[in-house]
Structures are given as C-alpha cells and as structure tokens.
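Before any comments, here is the structure.
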C-alpha cells in the first residue's frame, strides 16, 4: 500500500495485520521498525498494543541495524527508477512503477541460497 504521508502508516499497518490474519490465518506477535517517525506515535503504539503486538525498535540513528531492509529498499528504488526512466512516463505514475518493481522482485538473495524469492518456496521459506 503506497503511503502518501507518514500519517497513512497506521491505516497501512492495520490493513497489513488484517491481511496476515485473513490470508494466512496467523497473527503478528511483534512489530520491528526503525525510529523514523511513521511508526512512532502514541496512536500507532496503542493500535499495536491493543492487539497484543510487542513493539521493537532499533536504536536511533543506527541504519546499520536495519541492513537487509535498507538494502531491499534501495534495490527496489533502483529497479523502479530504471523502469521509470526507460519508459519515459510522468511523475504521476511513480507509485505504479514502484508497485511493479516490488511485485516483480526477481533478485537472487543470499538467505535463499542465491535464488529469487519466488523460487524460495522449496527452501523452507514462505
């Protein structure tokens, strides 16, 4: 779900939690985030705690604690920018380009023995 503002994070998180419950018949027990603001408000914390979700946060100003997540974000941004520039489309289509880069993320990753996430089904990963 694209976030058009940091305030939209709580709506996106609620939708994500519902999707996990409905599609996977599972419950989120912990929420890890950096201290970047979009996931740091009393309202957001209250929404998680009401569902019994434990909140974990990395130390402030330590992006190295979120290495894999940061690298994935950079990889997706690079892919989206490449597609965006190659297609010569306007800025208003950015969220669709990014969604496409995210959906078609066929980049081999180390923890899947250098297979893509879609190939990872047979390696003990969902």
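From the list 82, 92, the one residue that fits, being in a helix (DSSP H, G or I) and more than 24 Å from residue 118 (Cβ to Cβ), is 92.
From the list 76, 48, exactly one residue is assigned to a helix (DSSP H, G or I), at pLDDT 85 or above, surrounded by 14 or more Cβ atoms within 10 Å (Cβ to Cβ) and under 15 Å from the mean Cα position of the chain (by Cα). Which is it? Walk me through it before giving the result.
On the way: 48 fails: under 15 Å from the mean Cα position of the chain (by Cα).
On inspection, the qualifying residue turns out to be 76.
Remark: pairs (first residue in the stretch 50-73, closer than 14 Å to residue 31 by Cα; second residue assigned to a helix (DSSP H, G or I); Cβ separation under 7 Å; 6+ apart in sequence or on different chains) = 51/17; 55/45; 55/48; 58/65; 58/66.
Of all residues in the stretch 1-44, those being more than 30 Å from residue 94 (Cα to Cα) and outside any loop (DSSP other than H, G, I, E, B) number 2. The residues of the stretch 52-73 that are part of a loop (DSSP other than H, G, I, E, B) and surrounded by 14 or more Cβ atoms within 10 Å (Cβ to Cβ), listed by number, are 53, 58. Looking only at residues in the stretch 18-43 that are touching a strand residue (DSSP E or B) at 6+ places or on another chain (Cβ under 9 Å) and surrounded by 14 or more Cβ atoms within 10 Å (Cβ to Cβ), the one that is farthest from residue 102 (Cα to Cα) is 40.
The values are calculated or read from the model by the stated rules, or taken from the named source; none is laboratory data. Not measured: the values here are computed from a predicted model. With ideal geometry, Cβ positions are generated from the backbone for all residues, glycine too; neighbour counts draw on all protein chains shown.
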